1. Scan segment 186-204 and tell me whether some residue there is in a helix (DSSP H, G or I), in contact with a strand residue (DSSP E or B) (Cβ under 6 Å, 6 or more places away or on another chain), within 16 Å of the ligand (Cβ to nearest atom) and closer than 23 Å to Arg92 by Cα.
2. Taking segment 92-110 as the region of interest, how many residues are in a strand (DSSP E or B) and crowded, with 19+ Cβ neighbours inside 10 Å?
3. Quick check on Ala211: is it outside any strand (DSSP E or B) and surrounded by 14 or more Cβ atoms within 10 Å (Cβ to Cβ)?
4. Of everything in segment 138-154 that's away from the ligand (no atom under 16 Å from the Cβ), surrounded by 12 or more Cβ atoms within 10 Å (Cβ to Cβ) and assigned to a strand (DSSP E or B), which residue is modelled with the lowest pLDDT?
5. Report whether or not Lys186 is closer than 23 Å to Asn108 by Cα and at pLDDT 80 or above.
6. Return the residue satisfying two criteria in turn: it lies in segment 158-183 and is crowded, with 17+ Cβ neighbours inside 10 Å and out of contact with any Asp or Glu (no Cβ under 9 Å at 6 or more places or on another chain), and of such residues it is farthest from Asp105 (Cα to Cα).
7. When the residues of segment 120-134 are filtered to those that are more than 16 Å from the ligand (Cβ to nearest atom) and under 13 Å from the mean Cα position of the chain (by Cα), which remaining residue is farthest from Asp189 (Cα to Cα)?
Amino acid sequence: MQYIALVTICLLTSAPYAAPVASKYLSDEDLAKCPKDAGQAGECIKIIMNELIPRMRLGDPELNIDPYDPLVINRLSFQYTVGPISGKVSVRHVKIYGFGEHKVDKVNVKVNGDKVKVRVVSNMPTMNLLGEYKSELNVNSLQLKPKGIFNLTLFDVELRVITSGDIYTKDDHQYLLVNDIEVKPKIRDLIAKADGFFADPELDEIAVNIANTYWRDIYGIILPETRQSWAPILLRLINQAMLHVPIDHFIQPSQ
Ligand SMILES: *[C@@H]1O[C@H](CO)[C@@H](O)[C@H](O)[C@H]1NC(C)=O
């Protein structure tokens, strides 16, 4: 059981990179070092993930692992309503730097029949997001259409990720399908820079200062509101990788 858990978590939490890695980078000896006690598998998985995360940051075409530092998001858009403000934001060519410095602090795995639940607490010292944005804002009867480039820097990001998945059998192999992911970030501080809000650069600066002052409120609302946009992207990335990983390949036969 603990081996199922081990493989699962590598797949689930470090998303596209850890899973297929196992076949190429992890020997049976590595796996054998994991304690037999399922309750302690988390610690072992943590060590393996922390070794793999920096190593695979540039991706590996052979293993079908996309680079993740930077992680590139071509396009994402969402709508939101915050008090009297409603609008639509589209971002393009977004590069997210920092996942290669991602450190796993704690892993907890529960396997129940075909169901797997994995909780991971991890942290990143900094995360930097660069990209282009286009938006439509409605404030009462006023309509603004800012667009331009943005640069967000997040400091001391703690991520709490909970994933659930099912083990299924196809062509005599077992695979894992992740069907839910929940991400709860905590951010100590953030610096936002953007241009294009107003024709006047001074007004731009005022708008960005307001955003920097109220970012906790803004992200507290926007993150859950945009879940519909980012959760499917994460799930698709994870599941794409896992289609290529028959997990029974890594499970030691217990008989
Ligand atoms: C983005 O902002 C950060 C923090 O203010 C800064 O250090 C970095 O150089 C900026 N990056 C770019 C590409 O402008």
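1. No, the conditions are met nowhere in segment 186-204.
2. So the count comes out to 4.
3. On the way: outside any strand (DSSP E or B): yes; surrounded by 14 or more Cβ atoms within 10 Å (Cβ to Cβ): yes.
Here the answer is yes, as Ala211 does meet what is asked.
4. The qualifying residue modelled with the lowest pLDDT is Val139.
5. Numbers: closer than 23 Å to Asn108 by Cα: yes; at pLDDT 80 or above: yes.
Here the answer is yes, as Lys186 does meet what is asked.
6. Of everything passing the filter in segment 158-183, Ile181 is farthest from Asp105 (Cα to Cα).
7. Val120
The values are calculated or read from the model by the stated rules, or taken from the named source; none is laboratory data. Computed from a prediction, not measured in an experiment: that's the story for all the values here. Here the Cβ is made from the backbone with ideal geometry for all residues, glycine too, and neighbour counts use every protein chain on show.
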